[in-house]
Amino acid sequence: MNTLIPNHPAFVHFPLGLLAGAFVFELLGLIFKRQSLHDAGRAALFLGALGALVSVATGLAGEELLGEPQPPLLHDLIERHETLAFITAALAVVLCMWRIAVRKRYRGSTRALFVLALAVLCGVVLYTGHIGGKMVYEHGAAVTVGRRAFGSPPLPAESLPAPTGSPAVEERRSPATSPAAGAAGSTEKPAAAPEGATTGK
C-alpha cells in the first residue's frame, strides 16, 4: 500500500484527462450530431468517475503522511483541495447516474443540459488539479509524503521550496551568498602599501 500512496499525483491525471475529455466528446457530439462521440463521452465519464474515487482514496491516505504541524498556507491549500476533490467525485458519480437514467431519451434539451453540467464538472476538476499542483511544486507536499511513505525522515523545512518572492526565500539567503554581498566584495579596493616601503632602488 505504501507504494501506492506517494503516487497520488499520478492517479489524479486519469480523472483530469477523462472528465475533461468527456465534456469535449459530448460537446462535439452535440455540435456534429454524432452518436459515436456521445458514446466516447459516456465511456470517458464512467472511467473518469472511477479515477476520481481512486484519487480521493489515495489523497486521503497521503494526507496522513504529511504530519503535523503544517505551514498555514499549505494547510489551507490542503483543505481546499480536499473539499474540491470530494465535490468532483460526487459530481462525477451523480452525472454517471444521470447518464444511465436518461440513456433511452438522451436527446434534445436533455442532452444540452447534460453537456452544460459536464462543463461545470470540467471546470471543477481542472481547478482542483491546479490547487494540487500548487501544493506539490510550491510547497513540496509530494516530497514529504513520498519520504515518509518509504520510511525516510522528512526533509527539514528550510530545504523545501518556498513561493517566489516570499520572506522565507530572503531569510534562507545568507549574507555571504547574497547578490548584495557579492557586489560589495567585487568593488573592494586592495590595501595600500605602507608608507616608506622601498621600491627596489
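The values are calculated or read from the model by the stated rules, or taken from the named source; none is laboratory data. This one's a predicted model, so the numbers in the text were calculated from it and none came from an experiment. Counting neighbours? That spans all protein chains shown, and the Cβs are built from the backbone with ideal geometry, glycine included. Accessible surface areas use protein heavy atoms only, side chains included; no ligands, DNA or RNA. Shrake-Rupley method; radii C 1.70, N 1.55, O 1.52, S 1.80 Å.
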- Query: Between Rg and the Kirkwood Rh of the stretch 1-83, both from Cα atoms, what is the Rg to Rh ratio?
  - Reply: 1.16
- Message: Probe radius 1.4 Å, ligands and nucleic acids ignored: give me the carbon and sulfur share of the accessible area of the stretch 44-85 as a rounded percent.
- Response: 70 percent
- Charge dipole of the stretch 1-125 built from unit charges on the beta carbon (Lys, Arg +1; Asp, Glu -1), centred at mean Cα; most positive-end Cα among Phe46, Val125, Gly62 is Phe46
- How fast does the stretch 79-148 diffuse by Stokes-Einstein, in µm²/s, taking the Kirkwood radius from C-alpha pairs at 4 °C and 1.567 mPa s? 93 µm²/s
